[in-house]
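FYI, it's all coordinate maths here, none of it is from the lab. Fair warning: this is a prediction, and the values are worked out from it, not measured in the lab. Don't worry about glycine lacking a Cβ; one is built from the backbone with ideal geometry, like all the others, and counts go over all protein chains shown.
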Amino acid sequence: EKQIDKNKKLKSEECHDLCCISGNIASGKTTCLEYFSKTSDIEVLTEPVSKWRNVQGCNPLGLMYQDPSRWGLTLQTYVQLTMLDRHVLPMSTPVRMMERSIYSAKYIFAENLYKSGKMPEVDFAVLSEWFEWIIKNIAIPVDLIVYLQTSPQTCYERLKQRCRDEEKVIPLEYLESIHNLYEDWLIHHKSFEVPAPVLVIPADHDLKKMLHQYEENREKILMAHC
Ligand SMILES: Nc1ncnc2c1ncn2[C@@H]1O[C@H](COP(=O)(O)OP(=O)(O)O)[C@@H](O)[C@H]1O
Ligand SMILES: O=c1ccn([C@H]2C[C@H](O)[C@@H](COP(=O)(O)O)O2)c(=O)[nH]1
């Protein structure tokens, strides 16, 4: 009976659920979102990577990988803007699943550029002030963070298999740094405030096992807020 109540609530206006799928580069976030996009009443928002690869004919993602010190701020400012744009889109379905968030752009990727000495202090300060202004003045509700927890080695293999042009220069060490920042943030709670409860899904497994795990966690994911 409780389940029926939950389902009713899920369909009603008052119950909205925003779930962010997080994880390292090539951890399987898009694949996970594609799987859930087949469910009715779920809106799926993948990261706007195509915009990061082409803004008015320029490719800030490619430029950043070629020269992070020069272009890191440019990319992360644009990522921050496009993620904010995603967060403030009015919800038209009871559940929205979104790839990463404005939080991971700042706490993982900008942080990584800065900590590795590739983003100048002044760039990081300007980006940080922008970020702080946004989260203080604009509501960015998140109900659940699903963390696809992988080893950097798995991501490295999947990254090579995906073969995105801009990412061919990424070494394993880069994925290790991103991994450590994710673990410190979402698992060890050692770095930044976590804006929502975290559901950890081990994601080194083959696709069949991953889909099985998604089914096992379906209810937790889709009813995080109810
Ligand atoms: N469980 C899995 N096992 C093997 N390959 C996978 C798995 N999940 C995704 N892939 C492949 O790995 C690559 C990266 O996956 P993707 O979903 O694009 O990752 P992300 O969106 O996190 O960057 C793609 O080529 C995808 O087909
Ligand atoms: O804030 C960000 C977010 C992402 N990126 C990079 C990392 C990858 O090369 C692409 C897309 O990431 P996926 O994990 O494949 O979705 O964008 C970044 O540099 N900064």
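In table form, for the structure just shown:
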{"item": "Most fluctuating residue given options THR39, THR93, THR154, as computed from a GNM of the chain linking Cα atoms under 10 Å", "result": "THR39"}
{"item": "Of CYS20, CYS163, CYS155, the one that fluctuates the most in a GNM where the chain has Cα springs shorter than 10 Å", "result": "CYS163"}
{"item": "Other-chain or far-sequence residues with amide H under 5 Å of ASP17's (modelled H)", "result": "VAL95, ARG96"}
{"item": "Aspartates and glutamates with Cα under 18 Å of LYS160, excluding same-chain neighbours fewer than 8 positions away", "result": "GLU173, GLU176, ASP204, ASP206"}
{"item": "For the range 114-131, 3J(HN,Hα) per residue [Karplus equation, 6.51 cos²θ - 1.76 cosθ + 1.60, θ = phi - 60°, Hz, x = Gly/Pro]", "result": "5, 5, 8, x, 9, 10, x, 3, 5, 5, 5, 5, 5, 4, 5, 5, 4, 4"}
{"item": "Amide H contacts of THR150 (H built 1.01 Å from N, under 5 Å, at least 5 apart or other chain)", "result": "ASN24, ALA203"}
{"item": "Those aspartates and glutamates that a straight Cα-Cα span of less than 17 Å connects to LYS208, excepting residues fewer than 8 apart in one chain", "result": "GLU34, GLU216"}
{"item": "Contour excess over end-to-end distance, with Cα ends at LYS136 and GLU176 and 0.36 nm allotted per residue", "result": "11.3 nm"}
{"item": "Ellipticity estimate at 222 nm from DSSP helix runs (n ≥ 4, -39,500 (n - 2.57)) divided over the chain, nearest 500", "result": "-14500 deg cm²/dmol"}
{"item": "Gyration tensor (alpha-carbon) shape descriptor, the range 94-226, a/c threshold 1.5", "result": "oblate"}
{"item": "Extension reserve of the ASP85-ASP41 stretch, reckoned as 0.36 nm per residue once the Cα distance is removed", "result": "13.7 nm"}
{"item": "Built amide H within the under 5 Å cut-off of SER116, gap 5+", "result": "none"}
{"item": "Extension reserve of the GLN66-SER116 stretch, reckoned as 0.36 nm per residue once the Cα distance is removed", "result": "16.5 nm"}
{"item": "Extreme residue, positive dipole direction of the chain, given options LEU63, MET210, ILE21 (C-beta unit charges)", "result": "MET210"}
{"item": "GNM top mover of ARG70, ARG53, ARG164 - the chain, alpha-carbon springs below 10 Å", "result": "ARG164"}
{"item": "Semi-axis lengths (Å, descending) of the ellipsoid that matches the C-alpha gyration tensor of the chain", "result": "29, 21, 16"}
{"item": "Euclidean distance of C-alpha centroids, the range 182-226 and the range 127-179, integer Å", "result": "15 Å"}
